[in-house]
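The values are calculated or read from the model by the stated rules, or taken from the named source; none is laboratory data. Since this is a predicted model, take the numbers as computed values, not measurements. With ideal geometry, Cβ positions are generated from the backbone for all residues, glycine too; neighbour counts draw on all protein chains shown. These accessible areas exclude ligands, DNA and RNA; they are computed on the full protein's heavy atoms, side chains included. Shrake-Rupley method; radii C 1.70, N 1.55, O 1.52, S 1.80 Å.
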Amino acid sequence: MSDEAAGSSRRDFLTGRAVQRSVEQVGECIADELVDAARQAPVASETVQLGKQAMACDFDVILNPGQPGAIRPASDALDVIDLLEDQMSVYREHSELSQLNRRAADEPVEVEAELYALLRRAETISRQTEGGFDPTAGPIVDLWRRCKAAGRAPSEAEVQVALDIVGLQYVSFDDEQRTVRFSKPGVELNLNSIGKGYALDKAAEVLTDNGVNDWLFHGGHSSLLARGSHGGLGGWPVGIRNPLFPDQRLGTILLKDCGMSSSGSGVQYFRHGGKRYGHILDPRSGWPVESMLSVTVLAPTAALADALSTAFFVVGLEKAAQYCHNETGVSALLIPPPAHGRRLEPVNIGMDDDILFLTPEDNPA
């Protein structure tokens, strides 16, 4: 897009013309996840949607119509995501995290305060989930990405080489100096499994600070954060995809004042040698997880929901239930592969019946 076109688009956006176009969107358009659910499930109505691309996905702020004072804060909130991507992306050589990864095997590296706090939070979640979530798993992810592009699966030897530089035992934190040091060359920190949620949390602070109280914010449709309510429903209705048939819904969650994240193997996978490989890897073994189809987590922050949806996918039902029991405000819906036929048996860990709507019609036998 040219600078002139971009400027025109932003002027339209801030003066209300773009809002008028957006307000015509209803129901199923919200976040590509919000569904026009039938029966007892809540139904979406008109919305105003503002969005941009960042972190290799679409970010959208979804508002109730009739809030003209919310438009500029929503635009400013979206701009925050660019700044965070420039700090956290391992795909940008100049980013602070990329510089940390290049230097930390040679010397302690001082880290900006909020990024340091996020890395420490990632370490804590990794420890609490017994390694189901691991911010050092980048070498394993890169190996599988290269092998997928080459149309093959990695060998056991290749997996082991990658695993040799995976693990937080190779990362040292100095809270007093706010530095990070690696004890082994090749180790790296990667925030892909928590970064989108963290970006939502930080960007949403702009909305809250400006008195915007009712909104749904999503990154890539799988990471969400909601405040307030929509259409008098007491929350924002968000659809849950069927992991066996991703173009169909399995149900609806009424999301309010919390983060939500979904992880699943129904869309991203590849086949080789007659075997199907999912994209969610167990950082402890280096191989794709086969014991789960999808996980949806609700948590106080989008960052925590993001990390836990990946972790619960890896560690399974028992460990997920244990975590939810011990941590206030965390609940989950886990869907293992069906035992027989195509009928799914979702396992609800702590989600209240008044926010979770699953119906037989959404789950074909």
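Among rounded, prolate and oblate, which fits the stretch 304-365 when a ≥ b ≥ c are the square roots of the eigenvalues of its C-alpha gyration tensor, a/c under 1.5 means rounded, and a/b larger than b/c means prolate? If you can, show how the numbers build up before the last one.
Numbers: a/c = 2.44, a/b = 1.48, b/c = 1.65.
Oblate shape, in that a/c is at least 1.5 and b/c is the bigger or equal ratio.
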Diffing the stretch 178-183: the Karplus 3J(HN,Hα) column from phi (6.51, -1.76, 1.60, θ = phi - 60°), in whole Hz with x for Gly and Pro, holds 6, 10, 10, 9, 9, 8
For Cys258, enumerate residues with amide H under 5 Å from its amide H, sequence gap 5+ or separate chain, H modeled in the peptide plane. Ala226
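What is the magnitude of the charge dipole of the stretch 135-198 about its Cα centre, with +1 placed on the Cβ of each Lys and Arg, -1 on the Cβ of each Asp and Glu, and no other charges, expressed in debye to the nearest 20?
Working: 8 positive and 8 negative charges, 71 e Å.
That gives a dipole near 340 debye.
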Asp142 paired with Ser172, simple spin-label distance in nm, labels 7 Å along Cα-to-beta-carbon: 2.3
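Express in nm, to one decimal, how much length is gained between Glu205 and Ala150 on full extension, taking 0.36 nm for each residue of separation and deducting their alpha carbon distance.
Values: separation 55, 0.36 × 55 = 19.80 nm, distance 4.23 nm.
Answer, rounded to one decimal: 15.6 nm.
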With labels modelled as points extended 7 Å from the Cα through the Cβ direction, what inter-label distance (nm, one decimal) is found for Ser291 paired with Ala56? 2.7
Tell me which residues come under 5 Å, amide H to amide H, from Ala137 once H is placed; ignore anything under 5 positions away on its chain. Asn190
Using alpha carbons only, how many angstrom separate the centre of the stretch 294-346 from the centre of the stretch 175-232? 19
Cα-Cα separations in the stretch 112-243 greater than 25 Å, expressed as whole percent: 45
Which far-off residues, 5 or more places away or on another chain, put their amide H under 5 Å from the one on Gly251, with H placed in the peptide plane? Ile240
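Hey, with R₀ at 22 Å, roughly what FRET efficiency would Glu112 and Glu158 work out to, going by the Cβ-Cβ distance, to 0.05?
0.05
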Rounded to the nearest 0.05, what FRET efficiency do Glu318 and Glu93 give with R0 = 30 Å and r taken as the Cβ-Cβ distance? Could you check? 0.10
Quick one: order Leu317, Leu255 from most to least accessible surface, probe 1.4 Å. Leu317, Leu255
For the stretch 101-107, Karplus couplings with θ = phi - 60° (6.51, -1.76, 1.60), whole Hz, Gly/Pro x: 5, 6, 9, 5, 6, 9, 6
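What length, rounded to one decimal in nm, is gained on full extension from Phe245 through to Thr359, with 0.36 nm per residue of separation minus their alpha-carbon distance?
Numbers: separation 114, 0.36 × 114 = 41.04 nm, distance 1.56 nm.
Stretched fully, the Phe245-Thr359 segment lengthens by 39.5 nm.
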Show me, for the stretch 195-210, the HN-Hα J-couplings you get by feeding each phi into the Karplus relation (A = 6.51, B = -1.76, C = 1.60, θ = phi - 60°), rounded to Hz, glycine and proline as x. x, 5, x, 4, 4, 4, 4, 6, 5, 5, 4, 5, 5, 4, 5, 9
Peptides 223-230, 348-355 ordered by average Cβ neighbours within 10 Å, highest first: 223-230, 348-355
Burial-style ranking of 48-55, 128-135, average other-beta-carbon count within 10 Å with highest first, yields 128-135, 48-55
